[in-house]
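All remarks here apply to the structure that follows.
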Amino acid sequence: MEKRVVFKSAWLPYVLLLPQITITVLFFFWPAAQAVYYSFQVQDAFGLTSKFVWFENYIYLFKDSHYLSSFRVTAFFSVMVATSGIVISLVLATMADSVVRGALAYKTFLIWPYAVAPAIAGVLWAFIFAPSIGIVTYFLKKLGVDWNWIINSEQAMLLVVVASVWKQISYNFLFFLAGLQSIPKSLLEAAAIDGAGPFRRFWTIVFPLLSPTTFFLLVMNIIYSFFDTFGVIDATTEGGPGDATKILVYKVYYDGVKAADLGGSSAQSVILMAIVVTLTVIQFRYIERRVQY
Amino acid sequence: MAEISLQGVTKSFGKTEVIHTTDITINDGEFVVMVGPSGCGKSTILRMIAGLETSTTGEIRIAGKRVNEVEPKDRNIAMVFQNYALYPHMSVYDNMAYGLKIRKLAKDDIERRVQRAAKILELGQYLKRKPRELSGGQRQRVAMGRAIVREPAAFLFDEPLSNLDAKLRVQMRLEIQKLHRELRTTSVYVTHDQVEAMTLANRMIVINAGVVEQIGAPLEVYDNPASLFVAGFIGSPSMNFLPGLRSGDGVEVGEGLVVPLPPEIRGSAGEQVTVGVRPEHFVAGDGGGPRFKLRVDTVEALGADSLLHAGFNGSHLVVRIEGHSTPRAGSEFEVSVLPGKAYFFDTGTGKRLGA
């Protein structure tokens, strides 16, 4: 059956599309094109003159040990954020799904962190873990742990991972819960009668059936950790100490805004763009191939 | 192979008792069908036997052993679900082998059992397929295959044919019958379809609103319904009911017509009596029993026979007559009840008089 709406007017569809296209062009395509354009240029320190240098910015980047270390930091950071975010929220969703009393309350509380802006989440965690006045720092000190993420790079990384994961758990939780609820109860009952205990039911039935959700979330979480964690990092460690938590997107901002290297920063953002495009393509290819059971 | 028995079993959700005290014994190798309208609790009873629900009180025994506290997996039963409940990410073979692998059977033993079940159910060529690549009937067969390979003490069927189209349902019904003849495994089958119940059951259990109304062989239940509910539920089209008042040795059902009460139940009849007559127990003209003058509202000519619909004193009557001597809608028509074929029920309690 034809489900498409057919307009009689020739121009009405275009007018209806216009707002969306305007926004996309203005806020996505235009800046992206600008980034590509600037990435081929070198500017003087005052931004008065610029010179077209082809791929020099890119070549320089891949020789720059700071940039390569930022890659390693990002890789570690996103693996930590994505895996721990997914594992924790899967555990929470499984538990919330099996809870009988007060299920709604659990679900509501678990979704709340999603409403908190990344910068505020960052401030919140920075405050709780603040080296001098943080409440958790106080208890850690009582346990004999010397907690100071301002000078300790492992602790700084741990802090931004925790804050980022905390923000993203709600999102993952929602998808996992929806995924769990779409598995017919009778499947698990059939497995129970077939002799599978709860643990085995999870690994042989639930987990495979959730795999499309898990894969989708893996991609979304990597994208999240690459880009949306900017606010968390800016509000806490600001990439430090040293470059310990300077992930790629933060370095784009730092090099472009603070270090005034517009060309290098643009080249970095073009590379980031390429990464996110690749991830999205993989995601669509994969999901399309095995979208339904 | 096993006997299943329920003694004094009840089930409550919160304060609501959905299954009232139930005693059922299902003999070894028997095919028992639990039938009733949706929401009557038949599936709940089945799920209590399976161990998917706990009973609130009472005792459930399988093969003589109390199983109230036993996990579903240790009850040695297999269940076929309405939506088949096949594992969508596993092949047909793996679906059937799943339970056997968990029970750590030897590989060649699993292979042998699955191949045998596949042969019985004609699934041989589909073993490598995923459930989504099968038709409804094939999925249903895989679900049964998964039950068969386990070689359990009992099969539990929860409305297994409800998701199939009418033609396939008839075919699968015959296959289930054949299967039971071959395997002779104790089977409990839940359905809301009285035709399935009549055709499949060795004995059927008619359930209404959490109460077992009657247990018996299909024809026995059909011929001797214990209550208004059973009489109305079993048989298609259903039995006609005429509420009436006691009048001497008979029951006045309206328009001056008195249906005589058989002598043996006169004593037990109260003031208000409902007379029941099955559509096929009417004959055109004078058949010896009470005679009804009807104005025919609608005629359904089915070929072999015809169904006449008519109003009588506020009740809706359905009369089945031979197919080719059919009156036209709107005409007057006289029918009579075959002698001894009227049923009498206490209108208040719904119980059959003398039963």
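The values are calculated or read from the model by the stated rules, or taken from the named source; none is laboratory data. Given the structure is predicted, the values throughout are model-derived calculations rather than measurements. Cβ placement follows ideal geometry from the backbone for every residue including glycine, while neighbour counts extend to all protein chains displayed.
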Is it true that B:I45 is away from chain A (no Cβ under 14 Å) and under 21 Å from the mean Cα position of the chain (by Cα)?
yes
Please go through the stretch B:333-355 and give me each residue that is in contact with a strand residue (DSSP E or B) (Cβ under 6 Å, 6 or more places away or on another chain) and part of a strand (DSSP E or B), ordered by number.
B:F333, B:E334, B:V335, B:S336, B:V337, B:Y343, B:F344, B:F345, B:K351, B:R352
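At positive phi, part of a loop (DSSP other than H, G, I, E, B) and of a type in the set (G, A, S): is that true of B:G8 in this structure?
On the way: at positive phi: yes; part of a loop (DSSP other than H, G, I, E, B): no; of a type in the set (G, A, S): yes.
When the stated conditions are applied, B:G8 does not pass them.
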Within the stretch B:105-126, the count of residues that are over 19 Å from B:I176 (Cβ atoms) and either surrounded by fewer than 17 Cβ atoms within 10 Å (Cβ to Cβ) or at pLDDT below 90 (or both) comes to 10
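Looking at A:I86, is it more than 22 Å from the chain's Cα centre (by Cα), surrounded by 13 or more Cβ atoms within 10 Å (Cβ to Cβ) and at pLDDT 85 or above?
Values: more than 22 Å from the chain's Cα centre (by Cα): no; surrounded by 13 or more Cβ atoms within 10 Å (Cβ to Cβ): yes; at pLDDT 85 or above: yes.
Judged against the criteria, A:I86 is not a match.
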Assigned to a helix (DSSP H, G or I), out of contact with any Leu (no Cβ under 9 Å at 6 or more places or on another chain) and within 14 Å of chain A (Cβ to nearest Cβ) - does that describe any residue in the stretch B:166-175?
no
Among residues of the stretch B:30-44, those that are closer than 17 Å to B:L200 by Cβ and either without any contact (Cβ under 8 Å) to a residue 24 or more places away in the chain or not small (G, A, S) (or both), counted
7
Of all residues in the stretch B:55-72, which are within 14 Å of chain A (Cβ to nearest Cβ) and touching a residue at least 24 places away in the same chain (Cβ under 8 Å)?
B:I62
Checked the stretch A:268-282 for anything touching a residue at least 40 places away in the same chain (Cβ under 8 Å) and either farther than 20 Å from A:T229 by Cα or among the hydroxyl-bearing types (S, T, Y) (or both); matches are A:S269, A:T280, A:I282
Answer yes if at least one residue in the stretch B:22-39 is within 14 Å of chain A (Cβ to nearest Cβ) and more than 21 Å from B:V142 (Cα to Cα), and no otherwise.
no
From (1) in a helix (DSSP H, G or I); (2) in contact with a strand residue (DSSP E or B) (Cβ under 6 Å, 6 or more places away or on another chain), pick out the condition that doesn't hold for A:K51.
(1)
Pick out, from the stretch A:120-215, the helices (runs of 4 or more DSSP H) lying fully within it that include 1 or more residues that are away from chain B (no Cβ under 14 Å) and either among the small types (G, A, S) or surrounded by fewer than 15 Cβ atoms within 10 Å (Cβ to Cβ) (or both).
A:135-142, A:153-181
Residue check for A:V116: among the aliphatic types (A, V, I, L, M), surrounded by 13 or more Cβ atoms within 10 Å (Cβ to Cβ) and farther than 30 Å from A:A178 by Cα
no
Which residues, taken from the stretch B:281-331, are β-branched (V, I, T) and over 26 Å from B:Y222 (Cβ atoms)?
B:V296
Leading residue by the ranking (farthest from B:S187 (Cα to Cα)) among those in the stretch B:78-94 that are more than 7 Å from chain A (Cβ to nearest Cβ) and among the aliphatic types (A, V, I, L, M)
B:M90
